[in-house]
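Contents: one structure, followed by commentary.
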Amino acid sequence: MTTKIGILISGRGSNMQSIARACSSGEIPAEVAVVVSNRADAAGLEWASAHGIPTAVLPHTDFADREAHDRAIVARLADAAVDWVCLAGYMRLLSPVLIDAFTNRILNIHPSLLPSFPGLHGQRDAFEYGVAVSGCTVHFVDLELDHGPIVVQRTAPVEGSIDAEALAARILTEEHRAYPEALRRLLTEPWSICGRRVVFDRAAP
Ligand code: GRF
């Protein structure tokens with residue numbers, strides 16, 4: 001059976017597109033079964049619909065609390081028989097309701113080399129700090145923000161970036177490589193989580 005991915009977005013959805021394209025090309029042995037947004041105006045919804053991917057809008061403002069919202073999301077993901085959940089610019093913290101429904105099956109992408117520069121402005125914070133190298137991180141999601149075990153990191157040099165926006169563009173290019181790479185490895189190679197470390201073991205069965 002084909003592995004099914006559910007993608008949660010809140011906006012542009014360019015990482016969503018990179019995942020969907022990698023599924024279509026066969027780079028990732030999976031299909032995007034549903035895209036869920038907490039915002040009706042998320043631009044990524046239009047792209048998903050235009051590419052035949054089912055979408056759902058579940059505004060967090062329609063629910064009494066985070067848990068109720070996450071319960072509705074879990075129900076929609078279950079409807080689509082989703083195996084893996086990818087956060088792609090999803091601007092909400094997850095409650096245990098969602099995290100426990102997909103243990104070690106939720107990934108996020110963050111635009112810095114974690115654990116440096118977590119939070120909302122990873123690219124700007126790295127630029128202003130003056131680091132020579134930044135990049136992006138695909139990691140498992142746990143209850144702490146930008147915190148779970150790291151699957152893939154890709155670097156982007158800061159030198160030559162005239163401002164934080166220019167650095168963000170460089171990082172985004174790497175993000176579009178990193179998410180498909182992380183999914184491909186997790187779906188095609190044996191792996192385990194040892195403490196905080198994601199260990200890929202090609203020798204294992
Ligand atoms: C990306 O920079 C991602 O790392 C961060 O939010 C941004 C989402 O961009 N979590 P997009 O919606 O995937 O284009």
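The values are calculated or read from the model by the stated rules, or taken from the named source; none is laboratory data. The model shown is predicted, which means the values in this text are computed figures rather than measured ones. Using ideal geometry, Cβ is built from the backbone for each residue, glycine included, and neighbour counts are taken over all protein chains shown. When the accessible area is computed, the model is the full protein with side chains, heavy atoms only, and any ligands, DNA or RNA have been set aside. Shrake-Rupley method; radii C 1.70, N 1.55, O 1.52, S 1.80 Å.
When the test is whether a residue is assigned to a strand (DSSP E or B) and either away from the ligand (no atom under 14 Å from the Cβ) or surrounded by 18 or more Cβ atoms within 10 Å (Cβ to Cβ) (or both), Ile73 does not pass it. Taken over segment 16-43, the residue count meeting the criterion of being within 13 Å of the ligand (Cβ to nearest atom) and open to solvent by less than 70 Å² (accessible area, probe 1.4 Å) is 10. Sub-7 Å Cβ pairs linking a first residue in segment 86-105 that is farther than 23 Å from Asp41 by Cα to a second residue that is within 13 Å of the ligand (Cβ to nearest atom), at least 6 apart or interchain, are Ile99/Val141, ordered by first then second residue.
When Ala56, Ala68 are screened for being in a helix (DSSP H, G or I), over 22 Å from Cys136 (Cβ atoms) and open to solvent by 10 Å² or more (accessible area, probe 1.4 Å), only Ala68 passes. Any residue that is within 16 Å of the chain's Cα centre (by Cα), over 18 Å from Tyr179 (Cβ atoms), assigned to a loop (DSSP other than H, G, I, E, B) and of a type in the set (Lys, Arg) - is there at least one of those in segment 94-111? Checked against the condition, which is being within 16 Å of the chain's Cα centre (by Cα), over 18 Å from Tyr179 (Cβ atoms), assigned to a loop (DSSP other than H, G, I, E, B) and of a type in the set (Lys, Arg), segment 94-111 yields no hits at all.
Go through segment 1-15 and count every residue that is more than 6 Å from the ligand (Cβ to nearest atom) and either surrounded by fewer than 23 Cβ atoms within 10 Å (Cβ to Cβ) or farther than 20 Å from His60 by Cα (or both). So the answer is 6. Might you check whether a residue that is more than 15 Å from the ligand (Cβ to nearest atom) and under 22 Å from Leu94 (Cβ atoms) occurs anywhere in segment 44-55? There is at least one residue in segment 44-55 that is more than 15 Å from the ligand (Cβ to nearest atom) and under 22 Å from Leu94 (Cβ atoms).
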